[in-house]
Amino acid sequence: MDRLKTLFKERFTSSAEEIKSLVKSYGTKIIDSVQIEQVYGGMRGIQSMLWETSSLDSNEGIRFRGYSIPELRERLPKINGATEPLPEGLFWLMLTDKLPTEEDVTWLSKEWQRRAVLTPKEYDLLDHLDSVIHPMTQFSMAIMCMQSESVFAHQYENGMTKAEYWDVMYEDCMNLIAKLPLVAAYIYRKTFYNNEQISADPNLDWSANFAHMLGKDDSAFKDLMRLYMTIHADHEGGNASAHTVHLVGSTLSDAYLSLSAGINALAGPLHGLANQEVMDWIYDMIRDLGTNTPSKEQIAEYVKTTLSHGVVVPGYGHAVLRKPDPRFLAQKDFAEKHCPQDAMVQIVWNVFEVVPPILESLGKVKNPWPNVDAHSGALLEHYGMKEHNFYTVMFGVSRALGVLAQLCWDRAYNLPLERPKSLTTEEIKLFLANSNN
Ligand code: CMX
C-alpha cells in the first residue's frame, strides 16, 4: 500500500471510531432547524451534510482542513521552481489532514504521472467527440467514456465487502485525477488547435504538465495553473458540483459516474460556467460601448443596462459568502505581481470598484462582492488562452481534487444513500394550519 493510502487509512480509521461514539452519544441532539423559506429557497444554510475536506465561512471564505488560501500559499510545498503551491500538496492535506513535505508532493506528482495513461479505446472515444459540442459537455462525456476502467465498478460486480469500498475508490480517484489534465488538454487541442496534440512531459508536476499539454510553456502560466488548480479545488460540500458528486456517489456509483454528474452541475451559468459568462459579458460591453478601455462611469451604465434586462451580473454574488471571495483576491494578487498593466485585468479591477455599490443599491442581493469567476478569465487571456468556453473545463479539472478526496472519505466512512425528505406545498399548508390551531 502506498504512503498516501496508508496515511489516509490511519486517519479515517481513527475518525470513523470517533464519529461512531459521537453519533451514539449525541445523535438525537438538534444542530439546526429548517425554515419554510429554506424549503423554497434552495436549502440555503441547512446544516445536514458531512464534508471533511474544507469548510466555508461567509466572511472569511474557504479553509481547507483549517488553512486559508493565503496560509496555503505560504505553507504548501513548492517544487520544480514553483512560486505558487502545488495542488498535489492540497490533495494530500485534504486526504490525510496533514501538511505534506516536499518529498510527499514529489512522490504524488510522479504517482499521478505514472497513472496518467489513456487506453487506445479512450483515445478513440475522445477522437469521436464532435468539436462543435461545448468543451464542458465533451469533458463530461469523456469522463463517462472512461468509466469502463473503474476499479470500483469492476470489484463491485465481482463482489466485495463494504470494508473494501474505500480502497478501490482511492484507486479510481487517483487514476481519474491523474488522467483529467490529459483528457482536458486533448479536448482543448482537438477543439481549438486542429487536433495538434502535445505529449506529456514526465518531469513536470501535475499543473505545469497540464499547462504544457495545453501548449502554454510560459513559467508564469505554469505558476498560474498551480494557483488556479489549488484555489478552485474545493468549496465545502453544499455547492452544486460537490453536492452532486457526493449524492451520486452515495448510490455506490463509482468515481467516474459521480464526477461526470458533478461536472454537469458545474456547467451551469449560476455555478462554474460563470467564468465563461464573465468574459463574454466584458466582450459584449466593449463591443456595445465601442471602446477597449471603458471608464468606470461607462461600466456603471452598462451594469445598469444588464440589470434592466433582468439578468445577473456574472462573477458577482454568492450563496454563502458575504465578503470579496479570497479566491478572487488571490488571483488579483497574482495579477498585481505578473500583469498589472494588462487591459483586461484593468477592466476586471474597474468592474470590481463599480459593481458592488450598484448591486447593494438593489436591496435584494445578499452578497454584492466578486466571486472566484470574476477574475480567472482575464488572467487566462493574458497568457493567450482566449477560448472562453474552455474555462469551465479548467475549473472542473481542479474541482475534481476536492470532490474526489471527499468521495474517498464518503466510502471510508461508509456513508449511506443520501435521501432527504421533500414536502409538497399542500403538506406545508397543512402543517401551518395545524400549528396555528
Ligand atoms: N446580479 C444580479 N442579481 C443578482 C446577483 C448578481 N450577480 N446575485 C444575486 N442576484 C439577485 C438574485 O438573482 C435574486 O434575485 P430575485 O430575488 O429577483 O430572484 C436576489 O439577488 C437574491 O439572491 P441572493 O440570495 O443574493 O443569491 P443566491 O444565493 O440566490 O444566488 C448566485 C447566488 C451565485 C447564484 C447569484 O449571486 C448569481 O446569480 N451570481 C451571478 C452568477 C455567478 O457569478 N455565479 C458563480 C458563483 C460562484 C461559482 O459557483 O462558481
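Could you please give the count of residues in segment 156-171 that are touching a Leu at 6+ places or on another chain (Cβ under 8 Å) and either open to solvent by less than 50 Å² (accessible area, probe 1.4 Å) or not assigned by TED's automatic domain parsing to the domain that holds M213 (or both)? Total meeting the criteria: 2.
Taking the criterion of being of a type in the set (A, V, I, L, M, F, W, C) and surrounded by 14 or more Cβ atoms within 10 Å (Cβ to Cβ), the residues of segment 105-130 that qualify are V105, W107, L108, W112, A116, L118, L125, L126, L129. Exactly one residue out of I143, I133 is surrounded by fewer than 17 Cβ atoms within 10 Å (Cβ to Cβ) and at pLDDT 95 or above: that is I133.
Evaluated against (1) within 8 Å of the ligand (Cβ to nearest atom); (2) crowded, with 22+ Cβ neighbours inside 10 Å, L307 falls short on exactly one condition, (2). Taking the criterion of being in a loop (DSSP other than H, G, I, E, B) and away from the ligand (no atom under 14 Å from the Cβ), the residues of segment 356-393 that qualify are Y383, G384, M385, K386, E387. Among the candidates N195, N158, N175, the residue that is modelled with pLDDT of 95 or more and over 22 Å from D124 (Cα atoms) is uniquely N158.
L430 fulfils the conditions (1) buried (at least 18 other Cβ atoms within 10 Å of the Cβ); (2) more than 13 Å from the ligand (Cβ to nearest atom); (3) of a type outside the set (D, E) except for a single criterion, (1). When L56, L86 are checked against the criterion of being surrounded by 13 or more Cβ atoms within 10 Å (Cβ to Cβ), in contact (Cβ under 8 Å) with a residue 40 or more places away in the chain and over 15 Å from H243 (Cβ atoms), a single residue qualifies: L86. Sort out which residues of segment 1-31 are under 27 Å from the mean Cα position of the chain (by Cα) and acidic (D, E), and write them in order of number. Listed by number, the residues that qualify are D2, E10. Looking at the structure I just gave you, is T230 of a type in the set (S, T, N, Q) and surrounded by fewer than 23 Cβ atoms within 10 Å (Cβ to Cβ)? The answer is no for T230.
Among the residues of this structure, S199 counts as one that is surrounded by fewer than 20 Cβ atoms within 10 Å (Cβ to Cβ) and either over 12 Å from Y256 (Cα atoms) or of a type in the set (A, V, I, L, M) (or both). Filter segment 315-355 down to the residues that are open to solvent by 30 Å² or more (accessible area, probe 1.4 Å), part of a helix (DSSP H, G or I) and polar (S, T, N, Q) and list them by number. Listed by number, the residues that qualify are Q346, N350.
Considering segment 256-292, and only residues there that are touching a residue at least 40 places away in the same chain (Cβ under 8 Å), touching a His at 6+ places or on another chain (Cβ under 7 Å) and open to solvent by 10 Å² or more (accessible area, probe 1.4 Å), the residue that is nearest to the ligand (Cβ to nearest atom) turns out to be Q276.
Candidates N264, N195: the one that is over 17 Å from the mean Cα position of the chain (by Cα) and not assigned by TED's automatic domain parsing to the domain that holds K332 is N195. Restrict the check to segment 59-69 and report whether at least one residue is at pLDDT 95 or above, closer than 23 Å to H246 by Cβ and of a type in the set (V, I, T). Scanning segment 59-69, I find at least one residue that is at pLDDT 95 or above, closer than 23 Å to H246 by Cβ and of a type in the set (V, I, T), so the answer is yes.
The values are calculated or read from the model by the stated rules, or taken from the named source; none is laboratory data. Everything quoted here is computed from the prediction, not taken from an experiment. When we count neighbours, we look across all protein chains shown, and the Cβ atoms used for this are built from the backbone with ideal geometry, even at glycine. Areas reflect the complete protein model, heavy atoms only, side chains present, ligands, DNA and RNA absent. Shrake-Rupley method; radii C 1.70, N 1.55, O 1.52, S 1.80 Å.
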